[in-house]
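Read the figures in this text as sums done on the coordinates, not as results from a lab. What you see is a predicted model, and the numbers here were worked out from it, not measured in a lab. Neighbour counts run over all protein chains shown; Cβ positions are idealised from the backbone, glycine included.
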Amino acid sequence: MDIIDKFQINPTNEFHILRHFEFVDDAYKKTLIGKPYWYYDYSKKKFIASHISKNDVEHALETIGTKFYKNIPGIENPKKILELIREKFMTFNLNNEAHWTAEKEDKHFVFTFEYDFAVGDKNVVSIKSLADDDKKNVKKVFRSKCAGESNIAVNTVSGIELQSANMIYVEIFETKQLPFFVITSFPDCLASAIPDDELVFVV
């Protein structure tokens, strides 16, 4: 299969990115409900086939993490973001600028690009950077009720002033478990630069 054919805008990738939204309109939700998709089960360390339910959509929107703002022109939902990412990815691929990083049998490609508007808050900080009073308010909570990740806990804190981001972060995974790339995207917040055990989401 050609590398471009592996870049698919499908319910699996839309759902992965949906977890980085807190709002999409009802018409878009209806395009996902009932569709077959693959979710990653962190306890089994593999992708599981299922169908997207109404509850799955709501659980995705409630997931704690870095979120896109509501109704940004041109990227109002995951499908629109994927269309934009595909354009950028094809440019990288055509110019031989896609530098993949191998991890065992899988590999991934990461890039960022600037958008015309602010896309979300930079709501990720290192616990080491917090003031002592804020450190006392850090709480560990379950990240989401999404299938396959309901037992994942993350650190959260509130009451911290945030800056907005106009950069979009993209991660494309190639795995032998699936015949297409797994794609996720969110407002760039330097999360990849902070070790997991030090990472705190500002909520």
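Observations on the structure shown:
- Residues in region 148-174 that are in a loop (DSSP other than H, G, I, E, B) and crowded, with 18+ Cβ neighbours inside 10 Å: Gly148, Glu149.
- Being exposed (fewer than 13 other Cβ atoms within 10 Å of the Cβ), within 25 Å of Leu199 (Cβ to Cβ) and charged (D, E, K, R) holds for only one residue in Lys107, Lys30, Lys70, Lys54, and it is Lys70.
- The residues of region 89-147 that are among the basic types (Lys, Arg) and farther than 26 Å from Tyr40 by Cβ, listed by number, are Lys128, Lys135, Lys136.
- Residues in region 105-120 that are under 15 Å from Leu190 (Cβ atoms) and in contact with a Phe, Trp or Tyr (Cβ under 6 Å, 6 or more places away or on another chain): Thr112, Val119, Gly120.
- A search for C-beta distances below 6 Å between a residue of region 150-170 that is on the phi > 0 side of the Ramachandran plot and any residue that is hydrophobic (A, V, I, L, M, F, W, C) and surrounded by fewer than 17 Cβ atoms within 10 Å (Cβ to Cβ), counting only pairs 6+ apart in sequence or on different chains, returns nothing.
- Looking across region 57-114 at every residue that is touching a residue at least 40 places away in the same chain (Cβ under 8 Å) and of a type in the set (Lys, Arg), the one that is nearest to Val141 (Cα to Cα) is identified as Lys67.
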